[in-house]
Amino acid sequence: MGLAFNGTGSEGMRLCIFDLRRGQNEGHEIDKILFFFPADLPFTTQLSVIGLSEGLITFTRIFSPEAACEVIEAERHSHVFYEAEPDIWMIMIVEKSKELEAVWRIDALRELLKEIHSLFMMFHGSIRVLLDKEPSGGLTRAHLYPFIMDYLRDFLVGKKLQLPSFRDCLKGRRTVQMLTVGREAAIEVQTLVKILESCGGSTPCSSLILFQDLLVSTTLSPEDTVNLFTYAVLRLTPHALSSGARSWTYLHKGNSSSNVATESTFAPSGSFSEQFYGSEDISCAGDNRYRVTRPLQHDKWFRGKDGFLITDICGVDVGSSYITSPTVWLQQTGERMYLCAYQYKSLTLILLIPLSSIVNEEQGVSIVKQQLRENASLKILKVEEKLSKGWGGENAYHVSGYRYLLVDGNRDISRASPPAKVTTLTKESLLALNRLREEVDSEKSRAKWDNPGRNKDLEVCIRAKNNAWAVARITRGKELYMVLEKANETLFYASDAVEKFSNRYCSGAFSLD
Amino acid sequence: MSSDSSSSSSSGDDSAEINPNSDSKPVDERLDSSTLVEPVELEPSNHRGNGDGVANGSVNREGLNSGDEDGDRILVENQEVFGEEGPSSPGSSGYAGERGSSSATSGSGIDDASEIDDSEIQVVRNEGSLEGISDSPASTRVPGKRHVDEDDASMSWRKRKKHFFILSHSGKPIYSRYGDEHKLAGFSATLQAIISVVENGGDRVKFVKAGKHQVVFLVKGPIYLVCISCTEEPFESLKGQLELIYGQMILILTKSINRCFEKNPKFDMTPLLGGTDVVFSSLIHSFNWNPATFLHAYTCLPLAYATRQAAGAILQDVADSGVLFAILMCEHKVISLVGAQKASLHPDDMLLLSNFVMSTESFRTSESFSPICLPRYNPMAFLYAYVHFLDVDTYLMLLTTSSDAFYHLKDCRIRIETVLLKSSVLSEVQRSMIDGGMRVEDLPLDPLPRAGSSPHLGQQILPTDSLERPREPFIGIGGPAGLWHFIYRSIYLDQYVSSEFSPPLNNPKQQKGLYRAYQRLYASMRDKGIGPHKTQFRRDENYVLLCWVTPDFELYAAFDPLADKALAIKTCNRVCQWVKDVENEIFLQGASPFSW
């Protein structure tokens, strides 16, 4: 049994994590490898990938000591580099197929790597700490392998991994999408947040409130908010719970280790890599060397009768009386928290209880839960009602005639045209905007090196071959990307359209003329 | 290389391939062999005469032993050998003396000063022109290789903003912009290793990015070219520059150099390029100031239509007598050119050829007859270029396929020169040099009166008109509506016209910055996947840039960053109109052989 996807379906992508500090001596190079996908590639191939990456990291540091290799562009592949932690590198290699679909933005792929690492850190702490805890690397590999495989499974379409492409150029990964809330509802939400905070008794709890897949409120730092929001949208919101159930076609309950092997999209991998990555240890059953939770495993969250979400990501059967709450590390404070989620209709509440404030987990968490039920139930009902009333539906943020992405880099917030509307754009328009975003990415990165701390100010309007306008506006850390199809050919039309949009939806942030 | 090539060529010519660096003996041998060479008995003005450069007054401004090198250049006897053993002959166009010259100049401290910004644009010009870039071709720069004392261990070397390397597929260094090639052997091997590791994976590396740095790779058969740059140029531009460097190498050696590598993968090419450092560094410098390097178009010296016609007529006369191309240029600008029927000259070839001629000092000192290859015309074969400077900036190039056409071409040149002098074309050229090109301050508010074509680019219209034109307010702030600069490229003519630099773009750094911005704009407008865009408006803290691409022309314009959008667009339309009004003066019209 193993976690590798079918070799044939996923040869378009390779993903590896390695530690430059390990395997320095000849013959021990294999120690460097902490993760490799697909795992059934021969070690010689894995090592040659890492050898090239390592070589280029060293080489580029000759000229650019402050920033080593970020990307290798070759004719058939792009190699995307991300130094997740000092000397711990993540490399993603994507294949450019002949069809035009395989066009992406390198920064979008790097954001994927960042997301994997941030989520991993949230649940398991830093890779370096894991390596220090157990220098053989077994513990780290046993954590990384199931975690990343679970993550990647979200990108499986049929037997193929579908990574973010130019079609996603109007999406802002690693940002939070907010719900616009009326004044009255905002006051209700505020009260609810106060109640949630006090549920932990003497130690205040942190909380995140989501309506559908949109954030309503948070008491966390922007970075922690992004991580928890991402996790919630992936696994906790009503949408995530139901979509998981749909895609889960073959579920064996009761034997958590065998259901992995029998899932249709997985195929047995070579036995040597299994040992290496400790994939026989991935479940949490008691007889394993390492006790590993798999927070991204599909369909491991359920909504209990009392509204609380319960999980068996730690391998404990849902039916069991003892249900553990998963824990997360907060980046900002370095604190470890119990994650407790409650759902009412479209509303999802995430409560984070400091581990330090609870002596006995089972007892402590259930006291908090009880507090929530007693003190907040009514308010939750009210907030849900208010938000549902004001909710404009899936296309609430559609602006007719515009296809846009608005990113507030200062607060890691974004808003975009509904995906269904974006799909009405022609391929040419999307490619034009994707290319424009790449240019903006490189301008931003250059500005970062040239004038650290100073925000880039940029305005670009391009009339593409198909007569669509692709627009990018960057000002004071805010970014606006836009495609206008079937638009007038004059530049005035385009800038006027941006101006109107800016005045109406961005409080004039992009109105410069 | 000597052993390799000598084995392959006929005995009499062997000497020609001898490593130019190995001093006296080869020179003697070469002199021996040169007895077979026709041009040996040239009149004194050709300083070929056995070290009798003296006859020429000053053999070489650098006062170097250029007797050898020039001897090489006119050594054209072995045409057949070119065909058969291509690479061996190129040795005969090696520039032994100039290798010496480059190192001599590099000792001269001046280059250090000019190096501070990696490749400052030189604004110095004797003619008192204030325009800077457009009038400052590489010839005004200190030529040759610089910082030969550096290698990859020196911090100063690592901090250079833009490196260029040529190496062989076995990792042997052939050329490095900075530092001594021999000391860079290890580094060169690393570059080779990167390329081959990726190749072993069934792929081909295009570029690597790291922070502000980009490493761009170009593989041309057995020749590898690499650029390491932290300038802001996009990949497409840097790759284009590597292509040009490769083209420059082919121009000197022809592509048949590949055969040497087929025979011996460890073949050492450096001797073949001996002395040509100056050609490459001048080309690399032109990436900073010459828009032709990314526009793939050429530019003309502004001249009255009749004057250019007169020049064209006499060139045409010559072309009819078996000359493949006859080109009259002033610095990097074309005065006129004609080609034999069906022969077409690519703008890149013109760029490389004029760079070669202008950067090689010895061309200026006497008439020369040199084998050259036009990579876009035929990368496998040599042509022969008769080059003669008519004055400091103006030179005539007559290209032929025949290796023994020297005297014929010399006669042609004399005829041309006589006509040019009689018709006062040369003095017109000098005047145009002083007057300069189009200036944004002169942009007419209204379309020019079509009838009375003005003497120089519509600058002197009716006196009343010029009074009305609000010229004064623009001084120091560019043209109307904050217009700072523009480039107009005519698609079907393959020519461009670039306005002169005016304040506030007065220092070389700003000018180079603008060219780089244009380069980015140019690359941004043409994405391979989605085809060229139509319009682009781009505003950042430095400029407002406007680009407009139509089937007929491309316009690139730079404005003050605070320029009003509406006015900027209006101004662009006026620029296009202005260009159309004076197109007979700024473009070479009806150059029939341009049939690509």
> surrounded by 20 or more Cβ atoms within 10 Å (Cβ to Cβ), more than 30 Å from A:V233 (Cβ to Cβ) and at pLDDT 95 or above, is that true of A:I116?
Replying inline: no
>> Residue under question is A:R504, and the condition is that it be closer than 22 Å to A:T230 by Cα, surrounded by fewer than 17 Cβ atoms within 10 Å (Cβ to Cβ), more than 9 Å from every other protein chain (Cβ to nearest Cβ) and out of contact with any His (no Cβ under 8 Å at 6 or more places or on another chain); does it hold?
In response: no
> In region A:477-500, which residues are outside any strand (DSSP E or B), away from every other protein chain (no Cβ under 13 Å) and open to solvent by 20 Å² or more (accessible area, probe 1.4 Å)?
Replying inline: A:E485, A:K486, A:K500
> Out of the residues in region B:224-233 that are buried (at least 20 other Cβ atoms within 10 Å of the Cβ) and not β-branched (V, I, T), which is nearest to the other protein chains (Cβ to nearest Cβ)?
Replying inline: B:C230
> Listed residues B:F261, B:F280; which is more than 12 Å from every other protein chain (Cβ to nearest Cβ), surrounded by fewer than 20 Cβ atoms within 10 Å (Cβ to Cβ) and in a helix (DSSP H, G or I)?
Replying inline: B:F261
> For region A:439-455, how many residues are closer than 19 Å to B:L546 by Cα and at the interface with chain B (Cβ under 9 Å from one of its Cβ atoms)?
Replying inline: 2
> Is it the case that region B:382-391 has a residue that's in a loop (DSSP other than H, G, I, E, B) and hydroxyl-bearing (S, T, Y)?
Replying inline: no
> Among the residues of region A:191-228 satisfying the criterion of being among the hydroxyl-bearing types (S, T, Y) and closer than 20 Å to A:G172 by Cα, which is most open to solvent (accessible area, probe 1.4 Å)?
Replying inline: A:T218
>> Against the condition part of a helix (DSSP H, G or I), touching a Lys or Arg at 6+ places or on another chain (Cβ under 8 Å), open to solvent by less than 30 Å² (accessible area, probe 1.4 Å) and over 16 Å from B:F294 (Cβ atoms), how does B:V219 come out, does it pass?
In response: no
> For region B:522-545, which residues satisfy the criterion of being open to solvent by less than 10 Å² (accessible area, probe 1.4 Å), within 15 Å of B:F486 (Cα to Cα) and at the interface with chain A (Cβ under 7 Å from one of its Cβ atoms)?
Replying inline: B:Q536, B:F537
> Quick one: in region A:83-108, which of the residues that are part of a strand (DSSP E or B) and open to solvent by 50 Å² or more (accessible area, probe 1.4 Å) is farthest from B:D527 (Cα to Cα)?
Replying inline: A:E83
> So B:H285 clears everything in (1) open to solvent by less than 10 Å² (accessible area, probe 1.4 Å); (2) within 30 Å of A:E66 (Cα to Cα); (3) in contact with a Phe, Trp or Tyr (Cβ under 9 Å, 6 or more places away or on another chain) except one condition, right? Which one?
Replying inline: (3)
>> For the structure I just gave you, tell me whether A:S388 is polar (S, T, N, Q), closer than 24 Å to A:S346 by Cβ, open to solvent by less than 50 Å² (accessible area, probe 1.4 Å) and not in a loop (DSSP other than H, G, I, E, B).
In response: yes
>> List the residue pairs whose Cβ atoms are under 6 Å apart, where the first residue sits in region B:572-590 and is among the β-branched types (V, I, T), the second is crowded, with 18+ Cβ neighbours inside 10 Å and not in a helix (DSSP H, G or I), and the two are 6 or more positions apart or on different chains.
In response: B:V575/B:F486; B:V579/B:Y488; B:V582/B:L457; B:V582/B:G458; B:I586/B:P302; B:I586/B:V497
> Taking A:T60 and the conditions (1) of a type outside the set (K, R); (2) surrounded by fewer than 21 Cβ atoms within 10 Å (Cβ to Cβ); (3) within 9 Å of chain B (Cβ to nearest Cβ); (4) in a helix (DSSP H, G or I), which numbered condition does it fall short on, given that it satisfies the others?
Replying inline: (2)
>> When you check A:E73 against the structure, is it acidic (D, E) and closer than 26 Å to B:F235 by Cβ, yes or no?
In response: yes
> Among the residues of region A:404-438, which ones are open to solvent by less than 30 Å² (accessible area, probe 1.4 Å) and either within 14 Å of another protein chain (Cβ to nearest Cβ) or of a type in the set (S, T, N, Q) (or both)?
Replying inline: A:S414, A:S417, A:L425, A:S429, A:L430, A:L431, A:A432, A:L433, A:N434, A:L436, A:R437
> Has region B:164-187 got any residue that is open to solvent by 40 Å² or more (accessible area, probe 1.4 Å), in contact (Cβ under 8 Å) with a residue 40 or more places away in the chain and within 11 Å of chain A (Cβ to nearest Cβ)?
Replying inline: no
> Pick from B:G247, B:G202, B:G221: which is more than 9 Å from chain A (Cβ to nearest Cβ) and modelled with pLDDT under 95?
Replying inline: B:G221
> From A:E73, A:E85, which residue is touching a Ser or Thr at 6+ places or on another chain (Cβ under 8 Å), at pLDDT 95 or above and of a type outside the set (V, I, T)?
Replying inline: A:E85
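The values are calculated or read from the model by the stated rules, or taken from the named source; none is laboratory data. Everything numeric here is computed off the predicted structure, so don't read it as measured data. Cβ coordinates were reconstructed from backbone atoms using ideal geometry, including for glycine residues, and neighbour counts include every protein chain displayed. What goes into the accessible areas is simple: the full protein's heavy atoms, side chains included, and nothing from ligands, DNA or RNA. Shrake-Rupley method; radii C 1.70, N 1.55, O 1.52, S 1.80 Å.
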